[in-house]
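Shown next, in structure tokens, is the structure this report addresses.
The values are calculated or read from the model by the stated rules, or taken from the named source; none is laboratory data. What you see is a predicted model, and the numbers here were worked out from it, not measured in a lab. For neighbour counting, all protein chains shown are included, and Cβ atoms are generated from backbone atoms with ideal geometry for every residue, glycine included. Keep in mind that these areas ignore ligands, DNA and RNA; they rest on the heavy atoms of the full protein, side chains included. Shrake-Rupley method; radii C 1.70, N 1.55, O 1.52, S 1.80 Å.
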Amino acid sequence: MRVLGPLRLTIDDERQSLSGRPLLLVARLALAGNAPVSPARLCSDLWSDGGGSDGAVRVSLTRVRRALGEAVVVRRSGGYLLDGVSCDAMRFEQGVRVARDRSQTIERRIGSFDAALTEWTGAAFEDVEAGAWFQAEGQRLNELHEQVIDERFELMLLVGRHEQAVGELRAALSQSPTRERRAELLTIALYRSGRQEDALAVIAQVRDDLRERLGLDPGPALRAVEQQVLSHSAELAVSPVVLRAERGVEIEARLRAASALLRAGVYAETEQILDEAAATAIAVGDRRLQGKVLLARARMLMLSGDGDPHPLLDEARWLGRELRDGELLAGAALVRFGSGIPIDKADGLVEFLEPLSLLPPNAPEAIDLLCCAAMTALFTDASAASDRLIAEAEKVFLLDGSDRARAVLLVTRSLAGSVAHAPPAEVAAEASEAYAMALSTGDPTLVVIAAQAVLRSNYELGDLDAIDAVLDPLDVAAREAMLPFGTVRVALCRSTNALARGRLDLAPALVANALEVGTRLHTFVTPAAVRSQQLLLAREADLIEQLVEQARFVGSARGGPSVWDAVLALGDADAAADLAGIVPLVPVDDSFGVLVALASEVAAANGDSLLGEWCAAQ
């Protein structure tokens with residue numbers, strides 16, 4: 001059914017002889033799409049003079065069925081709709097919705113507008129003398145048509161296609177000589193083509209047409225363009241997208257400079273550069289670049305310790321979702337990863353996996369996201385997520401085939417294997433190979449993540465020497481990759497190893513250092529991890545009484561079961577009796593291992609087999 005021009009009904013490109021009310025009936029139902037139209041509504045829309053009736057509607061429906069087939073006219077929900085009939089107006093409006101999607105490139109949007117406009121062969125319902133509904137619908141479609149023409153020309157000027165647009169704009173303006181927005185666009189196109197006199201002549205002609213036909217003067221927008229032409233405005237001379245591209249190059253250069261300064265620990269100058277970049281991005285209206293500046297600011301706060309970076313990351317993530325920008329979403333996730341594994345690990349997994357569908361499978365960010373997600377899955381009971389991570393990593397490796405992609409696959413397998421309780425030797429072998437391959441690539445981010453697999457596997461094997469060998473390279477890589485959690489992990493591992501070796505002379509200072517570094521860099525793991533080390537240190541130093549008193553003090557303030565219940569049970573028989581019912585409720589975090597160790601001591605001291613069985617199962 002074609003309504004954008006003379007009414008035409010065709011089957012397989014052959015025009016049908018249907019005419020009069022039955023043809024209008026097909027047009028009315030076709031424009032309703034899949035929404036049933038009641039007989040009463042059909043009656044009023046097709047016979048606006050009041051001459052219609054249910055019988056007249058049924059007669060028209062019968063003629064339509066004979067022409068198109070019984071199955072085409074469908075009765076549903078007390079009304080009628082057409083099955084298998086397409087309509088040019090519906091295709092046009094769908095094309096306009098696609099073209100107005102700002103997540104696409106401007107050239108692609110222009111192409112979508114072009115495709116939508118090909119549906120038109122004349123004015124809507126051009127040869128129809130019908131009632132009020134068809135008149136109103138025709139006016140709506142014709143006005144949308146005019147708007148789309150103007151929007152297409154606006155996009156052409158945005159990307160610098162002003163010379164191409166001049167001829168088309170002249171023809172379009174001749175069809176609607178008092179359409180001021182179109183006159184503005186033609187004026188701008190002529191001015192940018194070096195034709196100032198012709199640009200002013202367009203405005204003069206429109207002024208005459210408005211006064212002669214409507215008795216009006218041009219509106220403020222057209223007058224403002226005229227003044228810009230007369231004053232040779234620099235703003236008028238350059239298309240916004242060209243200007244945005246030029247400013248984008250400047251912003252990207254500032255962001256690179258800021259990154260270099262951040263690595264050197266120079267924060268005051270970095271902040272000044274980012275202020276300039278933010279002002280420029282806002283001035284040109286580039287929201288994607290605004291998001292990238294937010295990421296750089298968040299990273300600066302994370303590294304300097306001068307504030308909380310996460311609200312900025314939340315804002316950048318929101319922008320990435322709105323723009324459907326995989327690179328921006330990935331950036332927000334990866335910068336946040338600098339703080340380590342988030343408290344809400346389920347949301348952390350979502351943040352790492354969400355950008356994958358918006359990125360090319362072999363994008364560099366995809367590789368980093370997979371590694372981060374694998375580390376997050378390590379701290380959750382997420383076997384399904386682990387399976388997906390391995391599948392995604394295998395896909396990346398098949399597409400990329402590089403050592404970097406191979407290292408990612410090995411890291412993912414090793415960390416996912418830890419979640420699935422694979423044989424420790426197998427997990428350690430894959431972790432070791434991944435780490436060696438990461439070192440060979442020279443990619444500091446990959447080195448940091450591969451080192452986590454080595455640390456995990458060697459702590460399970462109890463090989464402290466192997467862990468010591470990784471710490472210095474990890475520290476260097478974490479600083480180069482600007483991943484603060486890596487720096488904190490080094491400090492925690494040094495204090496952990498001192499405790500494990502019984503070096504109580506070194507451990508207190510190392511634990512204090514881990515607390516200072518983690519607190520300054522706002523990493524997620526610091527509170528629980530340092531608390532566990534402080535508890536272990538006190539236990540090794542036989543400070544049980546002090547620990548128990550501290551547990552009693554903390555117990556009055558805590559919101560639920562925690563490691564302090566196990567501490568209290570060490571010196572309190574009543575608390576020890578309740579421990580078996582409490583410890584299964586404690587959240588799993590970096591202090592959970594200490595909880596199990598202390599609970600096992602309580603179980604052994606009190607002969608509590610139920611608690612002992614729970615500890616053994618952990």
Of the residues in the range 102-144 that are over 24 Å from Q175 (Cα atoms) and among the β-branched types (V, I, T), the one that is surrounded by the fewest Cβ atoms within 10 Å (Cβ to Cβ) is T105
Kindly evaluate L349 against the criterion of being over 18 Å from T523 (Cα atoms), assigned to a helix (DSSP H, G or I) and at pLDDT 70 or above.
no
For the range 258-300, which residues satisfy the criterion of being under 22 Å from the mean Cα position of the chain (by Cα), assigned to a helix (DSSP H, G or I), modelled with pLDDT under 85 and among the small types (G, A, S)?
A281
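Okay, residues lined up against (1) free of Cβ contacts under 8 Å to residues at least 40 places away in the same chain; (2) under 43 Å from the mean Cα position of the chain (by Cα); (3) within 30 Å of G95 (Cβ to Cβ); (4) open to solvent by 20 Å² or more (accessible area, probe 1.4 Å):
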residue: R182; (1), (2), (3), (4): yes, yes, yes, no
residue: L185; (1), (2), (3), (4): yes, yes, yes, no
residue: L190; (1), (2), (3), (4): yes, yes, yes, no
residue: R195; (1), (2), (3), (4): yes, no, no, yes
residue: Q228; (1), (2), (3), (4): yes, yes, no, yes
Given the criterion open to solvent by less than 40 Å² (accessible area, probe 1.4 Å) and either of a type in the set (A, V, I, L, M) or at pLDDT 90 or above (or both), identify the matching residue among L255, L216, L200.
L255
Could you grab me the full set of residues in the range 305-333 that are assigned to a helix (DSSP H, G or I), farther than 15 Å from L358 by Cβ and open to solvent by 20 Å² or more (accessible area, probe 1.4 Å)?
H310, P311, L312, D314, E315
Those helices (runs of 4 or more DSSP H) lying entirely in the range 16-110 with at least 1 residues among the aliphatic types (A, V, I, L, M) and under 30 Å from Q147 (Cβ atoms):
20-31, 39-46, 88-99
Among the residues of the range 156-163, is any touching a residue at least 24 places away in the same chain (Cβ under 8 Å), closer than 30 Å to Y191 by Cβ, in a helix (DSSP H, G or I) and open to solvent by 60 Å² or more (accessible area, probe 1.4 Å)?
yes
Looking across the range 114-134 at residues that are part of a loop (DSSP other than H, G, I, E, B) and aliphatic (A, V, I, L, M), the single one that is modelled with the highest pLDDT is A123
If we keep only residues of the range 73-101 that are closer than 16 Å to A35 by Cα and of a type in the set (A, V, I, L, M, F, W, C), then the residue surrounded by the most Cβ atoms within 10 Å (Cβ to Cβ) is A89
For the range 171-180, give me each residue that is outside any loop (DSSP other than H, G, I, E, B) and over 41 Å from the mean Cα position of the chain (by Cα).
A171, S174, Q175
Go through (1) modelled with pLDDT of 85 or more; (2) farther than 22 Å from F592 by Cα one by one and return the number of the condition L398 breaks.
(1)
Candidates R15, R8, filtered to the one that is within 15 Å of T121 (Cβ to Cβ), charged (D, E, K, R) and under 45 Å from the mean Cα position of the chain (by Cα):
R8
Of E137, E168, E143, the only residue that is assigned to a helix (DSSP H, G or I) and within 37 Å of the chain's Cα centre (by Cα) is E143
